[in-house]
Structure formats: structure tokens, C-alpha cells
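A short write-up of the structure that comes next.
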Amino acid sequence: MGMLAAVAMAAFLTWLNACASPLRIDPLEESRHGVVVDDDLELARRYAPFLYKEFHPTKGRQDVPAPVDFDGDLDGENNWEAFARFELFPTVYYAVLETGTHWFLTYHLFHPRDWTAFDIGLHLTHENDGENLQVVVEKASGRVVLLFTQAHYVGGVYAAEGAGFRDGKERVRGALLLVDEDGVPDPDGAHAAVFVECKGHGIYGATDGHSRVVIAEDGSAAFAGSGWVLRPAGADETVAEPALENGAVVPYELQSTTALLWPRLADGTLVGEGRLLDRPFPYEDERVRVEVPRYYEADRFSGPFGPDRGISPFAVDFGFGRGEVGALFFGPAARYAEKLGVPEGWSLEYVDYPFARD
């Protein structure tokens, strides 16, 4: 059998398996064993994004951003099989860094399945999917000034008007849309508006040409297809798996990447076969030396380059190669100064840096 025939056969089997896999087996099991947060929770909640989250009208359960341990473990190789049996609580992970002038809040979305209706054998369907975004806040004014989004290994930024960011090695893609607590567009709003695709789950600013949502002046959202408006849950608000109801406003839960995942990355128990993440690249600066996993671990065929495809919570940057992966997660201040024109007075010194090497 030639290479093309082998890929075609593998693609057909992938599609057949996806079609045969149920999306939900009732009654669902619940595997909530404690929400993990840290001292930055309220700051992360204050500036958490509004996610205009596209979903498929019948298969959209696969578009719910879920906990990385939705099935009760941190094993990435059993998530495709476990998907149908467990409730999916909308969840977004956060991590915070602070310099003298800015806060950098990194948010991560995880989906147990990245999927498409028909896979031609090129990673269009794979086990475990991750995408990242980052919100930059000017401390003096409390204003959101920059948004970074990641979609399929490529990152880009959107800047607030008058914030002082300029094109450099990377260009500013466009305007930053902010909304208030009710989702109403407001230049002084604390929540960046982002669009998240169904199926592949790439993230873009709501003003980007890839976005398929229009947010009206009253805050109502019109999707080209179907979508939820996912917003950060209040301190005492209940979070539950949403119905496939177009336009529904759905609260999501925040959990800490720094408290839950970083200790396990630092001690080596998070990465490798049968664990959550894999395929590390080294990242090093004057504060931290770490092997940054690029992907979620997986064991389900998804194309000729191996099953691991989903972006890890730490693999945040404009690029996805050696020396790039993790640069915006572990050293955003210097990385933005390298890639963009930044405002005057931009600080490179961190306050209470949580990832410092011993």
C-alpha cells in the first residue's frame, strides 16, 4: 500500500471511529474533586474574557471547554474514550504575571476532542485540544490595553486605541473590543471579547476577519451559525454543562494553571507517555529554566506526524518552534518588547515571579 493510500485508509478509519463514538452516555458521571485556585483568582475574574463560543448545532458537546481532569485523572490518553461518560463543566484556566507597570493574564481553554465532520488524515480530528489567550492590563489605569490570541499554532495581537502599541516584527492585527459585565461593548470595559471556533477551537479577537459573531450595541450576539456567550462565573454561581441553545449566556469556572499544573510540570510528573502533556522544548531566561511541553499527550491516530496535537497551557507565543514555545507565558514583558513597539515606561521587572528557578 502506497503512502497516499495508507493515509486515506487511516483517515477513513478515523472518520468511521469518530462517527461510531457516542457524544453522551446518560446518566453522566460527575468527577468534580475540588476547584483549584490561587491568590490571583479575583484579578483573573475581573479581567476574564467574554468568549463568543461557536458550537455545532447537533455535535456541539465537543465544543464545551472542559476541565483538563474532567474524567478524574491527568492522563491524556484516555480522554477520547471517557468523553461521552462525564459531565463537562465550562472551565477556563488562568495564570498571572505582574511587572511594575502591567499585569499579564494568560487564559487557557481545553477540549477533550478536536474534531471535524470528515478528516482527510491531516490532524483535523485529534484527542485533546488546547488554545491560549492573554490579556494585558495597564496597572496605573486598570485598563485592558492588549489582547493576544492563539489559533492553530499561530498567535496575534489586538491593541486598545491610544495604548501605545505599534507594529514591529509582529503587526497589530486590529482593534481590541471590550465589553462590560453584561457583555455590552464599552471602551472602559474590563473583559476582552474573543471569538472561539467550533470543531478546531481556534481563538481570535472578536473584531478579526476570522470572527463569525457580531456583537450589537446592546450586547446581544449574532452568530453566523450557533454559539454561546461564555462569561466568568460569579464567586457563588453554579456552573453546569450547557444545552445546545443558540445565544445562551453561560457562566464558566476559573481554575489556576499556576496552582494545579505548574508544580507538576516543575517536578516532572506532568509530561510523558500516559500523562497529560508531552513533546517538550527547552525555554530559558534569567528567571526560569524549564522544558515546556508543546502538546497534550494523546494516543489516537490523527495524522502522519503523531497523535499529540493540542497546544499545552504553557506553550504560549507568536510562534511554535524551539526558543519560542512558552516565551509569552514565562516572559511576556520582554517578548512583547521584542516583537512589538511598546509604550514608554514599559517595565521588564517582575513582581513576585512564581516560576523562578531555584
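Give the stretch 237-272 a look and list any residue that's part of a loop (DSSP other than H, G, I, E, B), over 19 Å from the mean Cα position of the chain (by Cα) and within 21 Å of G76 (Cα to Cα), or say none.
D267, G268, T269, G272
Counting just the residues of the stretch 315-324 that are within 16 Å of the chain's Cα centre (by Cα) and more than 28 Å from S141 (Cα to Cα), which one comes out surrounded by the most Cβ atoms within 10 Å (Cβ to Cβ)?
This residue is A315.
Can you pull out the residues in the stretch 210-229 that are among the small types (G, A, S) and either in a strand (DSSP E or B) or crowded, with 20+ Cβ neighbours inside 10 Å (or both)?
Answer for the stretch 210-229, where residues must be among the small types (G, A, S) and either in a strand (DSSP E or B) or crowded, with 20+ Cβ neighbours inside 10 Å (or both): S211, A221, A222, S226, G227.
Cβ-Cβ distance below 6 Å, separation of 6 or more or different chains: which pairs start in the stretch 260-277 with a residue that is closer than 15 Å to P354 by Cβ and end on one that is of a type in the set (G, A, S)?
Close Cβ pairs satisfying both conditions: none exist.
Quick check on my filter: what residues within the stretch 312-328 are farther than 16 Å from G156 by Cβ and of a type outside the set (D, E, K, R)?
Hits for the stretch 312-328 are S312, P313, F314, G321, G323, V325, G326.
Which of (1) under 20 Å from the mean Cα position of the chain (by Cα); (2) modelled with pLDDT of 95 or more does P307 not meet, given it meets every other one?
(2)
Go through (1) out of contact with any strand residue (DSSP E or B) (no Cβ under 9 Å at 6 or more places or on another chain); (2) over 21 Å from P232 (Cα atoms) for E161 and report which single condition fails.
All conditions are met except number (1).
Please go through the stretch 280-304 and give me each residue that is under 20 Å from the mean Cα position of the chain (by Cα) and of a type in the set (V, I, T), ordered by number.
V292
Of A235, A248, A240, which residue is over 30 Å from S21 (Cα atoms) and surrounded by fewer than 21 Cβ atoms within 10 Å (Cβ to Cβ)?
A235
This table checks each residue for (1) of a type in the set (A, V, I, L, M, F, W, C); (2) touching a helix residue (DSSP H, G or I) at 6+ places or on another chain (Cβ under 8 Å); (3) surrounded by fewer than 17 Cβ atoms within 10 Å (Cβ to Cβ); (4) more than 18 Å from T106 (Cβ to Cβ).
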site	(1), (2), (3), (4)
L261	yes, no, no, no
R264	no, no, yes, no
D278	no, yes, no, yes
V292	yes, yes, no, no
G326	no, no, no, no
G331	no, no, no, no
L340	yes, no, no, no
Y353	no, no, yes, no
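Scan the stretch 42-56 for residues that are farther than 17 Å from H102 by Cα and out of contact with any Pro (no Cβ under 9 Å at 6 or more places or on another chain) and jot them down.
Scanning the stretch 42-56 gives Y52, E54, H56.
For the stretch 146-172, which residues satisfy the criterion of being crowded, with 20+ Cβ neighbours inside 10 Å and under 23 Å from L109 (Cβ atoms)?
L146, L147, F148, T149, Q150, A151, G155, G156, V157, Y158, A159, A160
Considering each of G100, G130 in turn, give the residue that is of a type in the set (G, A, S) and touching an Asp or Glu at 6+ places or on another chain (Cβ under 7 Å).
G100
Before we move on, is G164 on the phi < 0 side of the Ramachandran plot and either touching a Gly at 6+ places or on another chain (Cβ under 6 Å) or assigned to a loop (DSSP other than H, G, I, E, B) (or both)?
When the stated conditions are applied, G164 does not pass them.
Test each condition in (1) within 17 Å of T149 (Cβ to Cβ); (2) touching a helix residue (DSSP H, G or I) at 6+ places or on another chain (Cβ under 9 Å); (3) not in a helix (DSSP H, G or I) for F320 and report the one that comes out false.
For F320, the exception is condition (2).
Return the pair list, or none, for Cβ contacts closer than 8 Å from residues in the stretch 320-338 that are closer than 14 Å to R279 by Cβ and modelled with pLDDT of 95 or more to residues that are surrounded by 22 or more Cβ atoms within 10 Å (Cβ to Cβ) and basic (K, R), at least 6 apart or on different chains.
V325/R294
For the stretch 173-189, which residues satisfy the criterion of being surrounded by 16 or more Cβ atoms within 10 Å (Cβ to Cβ), outside any strand (DSSP E or B) and among the hydrophobic types (A, V, I, L, M, F, W, C)?
L176, L177
The values are calculated or read from the model by the stated rules, or taken from the named source; none is laboratory data. Small disclaimer: the values here were computed from a predicted structure and weren't measured. Methodologically, a virtual Cβ is constructed for each residue, glycine included, from the backbone with ideal geometry; neighbour enumeration extends over all protein chains shown.
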